[in-house]
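The values are calculated or read from the model by the stated rules, or taken from the named source; none is laboratory data. Just so it is clear, the structure is predicted and the values come from calculations on it, not from any experiment. Here Cβ is always computed from backbone atoms with ideal geometry, including for glycine, and neighbour counts include all displayed protein chains. The protein model used for the area step is the full one, side chains on, heavy atoms only, and it has no ligands, DNA or RNA in it. Shrake-Rupley method; radii C 1.70, N 1.55, O 1.52, S 1.80 Å.
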Amino acid sequence: YTNDKQDNISDATTSTRPPALSTSSSSSSIRRRLAGGPAGVAWLMSFPNSGTTYTERLIESVTQYTVATNYGHEHVDADGQPEHILTSIPVFEGGKNGPFRLSSKELPEGGYILTKTHCGGYCFSDCPPNWYILSTEQYLEECIRGARFEEREGGTTERFWVQYDPSFAKRAVHLFRDPFDNIVSRFHHEYKTHNNQKDNAWLDKYPNAPYGFRAWCRDSDERFKEREPVFFDEAMVKAFEGVPCHGEFFRWVQWHNNAFELIRRLNIDDHVVHYMDYDTDFDKTVRGILKFVDLDWVGDAPPFKMLAYDDRYYSQEERERIIEFMKFVASERTWQEMSRYVNKSAEGPADTQKSGEEVKADILNDAISATFPTPQESSQEDQG
């Protein structure tokens with residue numbers, strides 16, 4: 001939960017991760033109260049900005065049941081729009097350590113309640129390696145971690161870091177998004193955060209355009225370069241060379257490696273959902289999720305609009321170098337799931353792939369015209 005909703009991204013290097021907590025001793029009493037409700041939790045495991053919000057909204061809409069989240073400040077109204085609540089609402093009676101209801105809809109009667117967790121190791125650009133290098137055991141600690149909020153006098157709230165028993169998780173829906181698009185989307189998320197904070201110095205330095213993204217990557221690559229040899233072996237440091245946004249891509253691959261390894265160790269069933277499949281075969285993708293969580297399709301699905309970024313964000317040479325790097329870091333299962341994105345990048349139509357010099361020209365044109373994403377692109381970012 002280390003940066004799920006960053007209140008201040010610039011504080012990332014000085015803040016401390018919440019201490020590890022022991023799991024709840026009341027889990028057995030909570031499990032006795034599951035009769036008549038969901039059979040258990042189905043984690044919605046997602047690297048941030050990979051389609052989490054859309055998937056939550058989708059499953060709530062088509063099942064007409066609430067989904068859940070580890071993060072007790074999150075809540076939506078009847079239209080699926082974010083709303084402010086002062087006190088977190090547990091899924092299970094007595095389950096004050098989470099997970100928490102995302103809406104006021106009823107709990108599923110049977111089946112599994114889809115429960116958002118970003119787990120750990122996903123912090124944004126301004127974080128040192130010791131924040132995101134996680135063993136599978138540490139990753140598990142973050143998967144079951146969340147925050148409970150309680151109302152206090154005067155309309156204020158108090159936050160409590162919590163963890164629930166990992167045995168609550170009976171299944172896992174594992175979201176995947178094209179890593180090239182996922183990292184660009186994270187840049188847009190960070191831009192939006194700084195824009196909301198009216199951090200004009202940051203906004204001027206990293207405009208919400210391809211050339212701003214490339215500057216963001218360049219600076220994030222340099223920020224902790226001197227500290228990386230302390231935390232990574234020589235082979236990994238060597239592999240970083242020539243990889244734009246190498247910290248972001250390392251976090252992306254490590255996150256998915258840990259997800260697959262944790263699922264294996266917990267011996268729970270998993271179901272991989274690729275974000276792009278909502279666009280290519282929507283009905284099949286939705287029915288696959290519903291079958292996995294054992295729930296019926298009874299309501300209308302919200303519209304989905306696919307957003308993929310053009311090739312001004314990476315040159316073809318950069319894509320090839322990033323692919324080599326990801327293969328070096330990826331586990332066998334992660335690499336298997338990545339194959340569709342790797343092949344797409346390596347075999348893209350020649351007339352849409354640009355050389356480094358052509359990309360540089362595009363960057364200059366962007367700087368002159370100050371091109372920004374369209375409203376459609378901005379709204380799609382909210383689906384992350």
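Worth pointing out:
- Sorting 180-188, 257-265 by average packing, meaning the other beta carbons within 10 Å per residue, from highest down gives 180-188, 257-265.
- Above-threshold pairs, the threshold being 19 Å between Cα atoms, out of 225/327; 96/116; 284/305; 305/327; 116/305: 225/327; 305/327; 116/305
- Ligands, DNA and RNA are left out, and with a 1.4 angstrom probe the accessible area of the stretch 87-188 is 31 Å² per residue.
- To put it simply, the accessible area of the stretch 179-257 at a 1.4 Å probe is 49 percent carbon and sulfur.
- Rg and Dmax of the stretch 289-329, both derived from C-alpha coordinates alone, stand at 18.6, 47 Å.
- Integer Hz, Karplus 6.51/-1.76/1.60 couplings in order for the stretch 130-136, x for Gly and Pro: 5, 7, 10, 7, 10, 6, 5
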